[in-house]
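Heads up, the thing below is written out as structure tokens.
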Amino acid sequence: MIAGIFHYEFLQNAFLTGIMIGILAPLLGVFIVVRRLSLIADALSHVTLAGIAASLLIERKFTMMAGLNPLYLGMVFSVGGSLFIEKLRGVYKHYQELAIPIIMSGGIGLGVIFISLANGFNTDLFSYLFGSVSAVSRTDLLVIFIISILVILVIILLYKELFLLSFDEEHAKASGIAAKSIHFIFIVMVALVIAASMRIVGILLVSSLMTLPVAASMRIARGFKQTIFLSVLFGEVSVLGGLFTAYYLDLAPGGTIVMIAVLILVISIFYKKLILKKEVQQGERA
């Protein structure tokens with residue numbers, strides 16, 4: 001595959017996109033998990049699916065729209081879904097978690113309607129559902145690169161505010177932090193990354209890349225910054241390892257990436273148990 005990267009454009013696109021997604025998904029995933037919003041990625045991925053299906057339907061019904069990149073409408077739906085989640089979290093102040101299944105249900109419903117109107121599944125839609133290395137274009141690469149720059153800048157500039165909001169929202173608000181504005185910016189970033197990740201991992205698996213590396217890092221990290229570092233490291237290992245494995249074994253890249261992430265999680269759990277066992281034994285000897 002390494003030799004092929006220098007010769008084939010689609011492999012270059014997939015490799016570079018994978019590197020960026022391996023950073024972005026776990027980076028935002030840390031804040032999502034700490035804020036106990038792990039299912040938000042699932043909700044927005046289903047809304048994104050509705051956008052993709054709508055784009056493919058428009059392309060089929062209106063020939064003048066042929067060639068329209070479904071990624072764009074998928075991002076519009078994903079961002080729209082994220083804004084509705086924030087709105088519903090304000091409506092159900094004491095049951096904010098309700099916003100996520102409401103939006104997820106709406107996304108699934110819209111997706112099914114658009115798919116039925118388009119007379120069922122087609123090859124393009126399947127590539128978005130489960131990921132496809134060959135489907136990543138230069139345009140997709142450029143879009144993901146721009147999103148990567150935006151997300152990293154937001155994390156750097158708003159790190160302190162995001163940290164406080166994640167661990168103690170009430171204290172953050174009392175400190176004068178513009179919580180609503182930062183929530184808005186953060187949720188839009190999450191929506192864009194989910195929409196961007198679907199080419200490599202697939203819509204149905206993108207939430208795994210946001211949560212599994214974080215779950216693994218939380219088992220062995222000794223601080224928040226170390227959790228972020230290990231999450232990104234595990235995310236990169238999962239994505240690049242999954243791409244190489246899928247290439248040589250002719251497997252679906254999305255599923256391979258997720259299974260490597262699961263393997264890393266299992267190893268981290270056993271590693272933590274081994275460390276704890278050693279500490280107990282040392283304590284008994286002392």
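None of the figures in this text is laboratory data; all of them are computed from the coordinates on show. Note that the structure is predicted; figures quoted are calculated from it, not measured. So basically every Cβ, Gly included, is an ideal-geometry build from the backbone, and we count neighbours across all protein chains shown.
As a test of the formula, what do you get for the chain when each DSSP H run with n ≥ 4 contributes -39,500 (n - 2.57) and the sum is divided by the residue count, at 222 nm and rounded to the nearest 500 deg cm²/dmol? Each step should come with its number before you reach the end.
Details: 13 runs with 229 residues, N = 286.
My calculation for the chain gives -27000 deg cm²/dmol from helical runs alone.
Under 8 Å for C-alpha pairs, at least 6 residues apart: give me the relative contact order for the range 181-281, rounded to a whole percent.
Working: 86 pairs, mean separation 28.1, N = 101.
With pairs under 8 Å counted, the relative contact order is 28 percent.
Quick test of the membrane-span-like rule: which DSSP H helices of the chain reach at least 20 Å along their long axis (C-alpha atoms) with mean Kyte hydropathy at least 1.6? List each step's numbers first, then the result.
Working: long enough: 9-34 (38 Å, 1.90); 40-61 (31 Å, 0.94); 70-91 (31 Å, 0.99); 99-117 (27 Å, 2.13); 138-157 (29 Å, 2.82); 179-197 (27 Å, 2.13); 206-220 (23 Å, 1.25); 224-249 (36 Å, 1.21); 253-285 (48 Å, 0.78).
Helices passing the filter in the chain: 9-34, 99-117, 138-157, 179-197.
Pop the C-beta distance of Leu240 and Tyr159 into the FRET formula with R0 = 25 Å and round what comes out to the nearest 0.05.
On the way: r = 26 Å, r/R0 = 1.03.
Result of the calculation: an efficiency of 0.45.
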Point to revise | Residue of Val201, Val47, Val154 that the Gaussian network model of the chain assigns the largest fluctuation, springs spanning Cα pairs under 10 Å | key: Val154
Review point. Using r as the Cβ-Cβ distance of Phe167 and Leu251, and R0 as 45 Å, what FRET efficiency do you calculate, to the nearest 0.05?
Key: 0.70
Study note, to complete from the structure: For the chain, the Debye formula with one identical point scatterer on each Cα and no solvent gives log10 I(q)/I(0) at q = 0.07, 0.13 Å⁻¹ as -0.27, -0.89
Review point. Using a simple spin-label model with points 7 Å from Cα along the Cα→Cβ vector, what separation in nm is obtained for Gln12 and Val76?
Key: 3.1 nm
Exercise for review: Could you count how many Lys pairs in the chain have their Cα atoms under 25 Å apart, skipping same-chain pairs fewer than 8 positions apart?
Suggested key: 13
